[in-house]
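Data first, discussion second: the structure below is written as structure tokens.
Taken together, the values in this text are just the output of simple stated rules run on the coordinates, not laboratory data. Everything numeric here is computed off the predicted structure, so don't read it as measured data. Counting neighbours? That spans all protein chains shown, and the Cβs are built from the backbone with ideal geometry, glycine included.
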2 protein chains.
Amino acid sequence: MTRPIKKSEATCARILDAALDMFRTRGFEETTMRGIAAAAEVSLGSAYYYFESKEDLVMAFYERAMEAMAPRIEAALASTAGFEETVGALITVKFEYFQPSRNFLGALLKHAADPRNRLSPFSKATRSIRERDQVYFGRAIAQSRDVRVPDELSPHLPMLLWLYQMGLILYWIYDRSPGQRQTRLLREKSLALLVGGLKISRFALLKPLRTKIVELIVLAEGGTSHGASEDA
Amino acid sequence: MTRPIKKSEATCARILDAALDMFRTRGFEETTMRGIAAAAEVSLGSAYYYFESKEDLVMAFYERAMEAMAPRIEAALASTAGFEETVGALITVKFEYFQPSRNFLGALLKHAADPRNRLSPFSKATRSIRERDQVYFGRAIAQSRDVRVPDELSPHLPMLLWLYQMGLILYWIYDRSPGQRQTRLLREKSLALLVGGLKISRFALLKPLRTKIVELIVLAEGGTSHGASEDA
DNA sequence: GTCTATATCGGGATAGAC
DNA sequence: GTCTATCCCGATATAGAC
């Protein structure tokens, strides 16, 4: 209790390290709990003592990833570049960090569509991670001088940008072009188009369209579990 | 051989019926092959004799669904209503048909995001089903008199409408509002907005924007496995 | 050709002994 | 806290009844 490093912590870390390593190299499905236990030199039962399920190990992976990316994200936000560059940089951090785990993420995103699945980026369990990431986009918007977002749209924009990022990541995971060139192109072109759209979204002429779009966004958000009201 | 109804067909149908029933009531993961065999009153071996895997039973479900919906879809296309109504009717057929299987579809869509998974609506295995459905949307476009789609956009529109439909279905599956009211609202409003967008997409003023969007669509299609070139 | 019974394997998860 | 033994399930394989 008094010592900072207990034996149990070391065991726990050893299991997690072994798991993440195998997840990265072999993927999620291919990695077995028996394999993890063997690599960590503990029994199967011990592995389950520390992590209730294979999914729990994935949650730990998410947490670690967000922690590791935080300083790089701060660096991206600290630069004085324009809005498009800053958002592009935020997204690039993710792509670079997840590059070695691309296959693993692929296996994970099988569960992505189901917000009831703990591992889904839309689940309650991943909520804090998701919100932390959306706050980064919010800061990019707040500090940008070259793009002024209409007031009705701005409360939704962090979420929308995050969603856009998730779409890109999904595309990237299944992109089979060499070096995922296709995703890079799509990322650049779509971001330019998106920022262009935001810039003209203030035009008075577009007011009715804008209103309808915001209505739709509010409506869509209302039906999700991570919206304002949580239960049902 | 000569008799229309062979014993094997009856057995096969019994297994499929039992499976679909259990899928609907209990969900995909919770339904076991042993359970299916027991409900169909055949041995486990027999179940595997007719269906190579649990996934095969799901494929049979898809096939059945498309067959069952075909006449209703034809009826929707036969009406002389406008474009928005016709597309709305096409989509409504799906919602009504899949209503009793909503939970089951939820379990399925765990695999949806992975185009390499056979059960994914984006997979090679489901390709013919997907294309058949897209053709329906193509017919709705072709016969519509109130909406003229720009030439650059029209080859992509059946796919885009199908994708839009899939998005709505995904939303619907996880919609927890009573009677999935939320989805109905979203469906109506988004379709109106979409058709409105299509109508103004012909304006000469929007030509540069249109070009960029089409470029983006072509780019995105190029990276998918169900695009023009199939392998890699 | 149709079907049963049964054995086997790999893998996630759990119970209970120590 | 750790391990062994066990269970369940999907999947495969096989031998043989009819």
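Across the residues of B:214-224, average count of Cβ atoms on other protein chains within 10 Å? Before the final figure, lay out the partial values.
Working: counts 0, 3, 6, 0, 0, 7, 8, 0, 5, 12, 5.
Counting other chains' Cβ atoms within 10 Å and averaging over B:214-224 gives 4.
Rounded to the nearest Hz, the phi-derived 3J(HN,Hα) couplings of region A:199-205 under the Karplus curve 6.51 cos²θ - 1.76 cosθ + 1.60 (θ = phi - 60°) are 4, 7, 5, 7, 3, 4, 4, where x marks glycine and proline.
Listed from fewest to most Cβ neighbours within 10 Å, the set A:Lys7, B:Lys94 follows the order A:Lys7, B:Lys94.
Amide H contacts under 5 Å for A:Ala113: B:Ala113, restricted to partners 5 or more places along the chain or on a different chain, H placed in the peptide plane at 1.01 Å from N. Checking every one of the chymotrypsin sites (Phe, Trp or Tyr not before Pro) in region B:130-232 against DSSP loop status and a limit of 12 other Cβ atoms within 10 Å picks out B:Phe203. Karplus-derived 3J(HN,Hα) values for region A:143-157, using 6.51 cos²θ - 1.76 cosθ + 1.60 with θ = phi - 60°, are 8, 6, 9, 8, 10, 10, 8, x, 4, 5, 7, 4, x, 9, 5 Hz; glycine and proline are entered as x.
On a 0 to 90 degree scale, rounded to 10, what angle separates helix A:7-26 from the longest Cα axis of chain A? That helix lies at roughly 60 degrees to the long axis.
Amide H to amide H, with H built 1.01 Å from N, A:Phe28 comes under 5 Å of A:Ala107, counting only residues 5 or more places away or on other chains. Compared with the dominant Cα axis of chain A, that is its longest principal axis, helix A:54-78 is turned about 50°.
Mind putting a number on the dipole of chain B about its Cα centre? Charges go on the C-beta only, +1 for Lys and Arg and -1 for Asp and Glu, and I need it in Debye to the nearest 20.
Details: 32 positive and 27 negative charges, 83 e Å.
Dipole size: approximately 400 debye.
Neighbours of B:Lys212, meaning other residues whose beta-carbon lies under 14 angstrom from its beta-carbon, give a summed charge of +1 when Lys and Arg score +1 and Asp and Glu score -1.
Our estimate of slack between B:Glu67 and B:Arg148, defined as 0.36 nm per intervening residue step minus the Cα-Cα distance, is 26.1 nm.
Between the helical axis of A:207-222 and the longest alpha-carbon principal axis of chain A there is an angle of about 20 degrees. Within the shell defined by Cβ-Cβ distances under 13 Å, the residues around B:Ala76 carry a net charge of -2, with Lys and Arg each +1 and Asp and Glu each -1. Karplus-derived 3J(HN,Hα) values for region A:172-188, using 6.51 cos²θ - 1.76 cosθ + 1.60 with θ = phi - 60°, are 4, 4, 9, 7, 9, 6, x, x, 6, 4, 3, 5, 4, 4, 4, 4, 5 Hz; glycine and proline are entered as x. The residues B:Leu191, B:Leu206, when put in order of fewest to most other Cβ atoms within 10 Å, stand as B:Leu206, B:Leu191.
Each Lys or Arg adds one and each Asp or Glu subtracts one; over the other residues with Cβ under 14 Å from the Cβ of A:Ser144, this totals +2. Farthest toward the positive end of the dipole of chain B, out of B:Ser154, B:Gln134, B:Leu90, is the Cα of B:Leu90, where the dipole comes from beta carbon charges about the Cα centre.
Running Debye on chain B with equal point scatterers at the Cα sites and no solvent, what base-10 log of I(q)/I(0) appears at q = 0.11, 0.15 Å⁻¹? Each listed q corresponds, in turn, to -0.67, -1.11.
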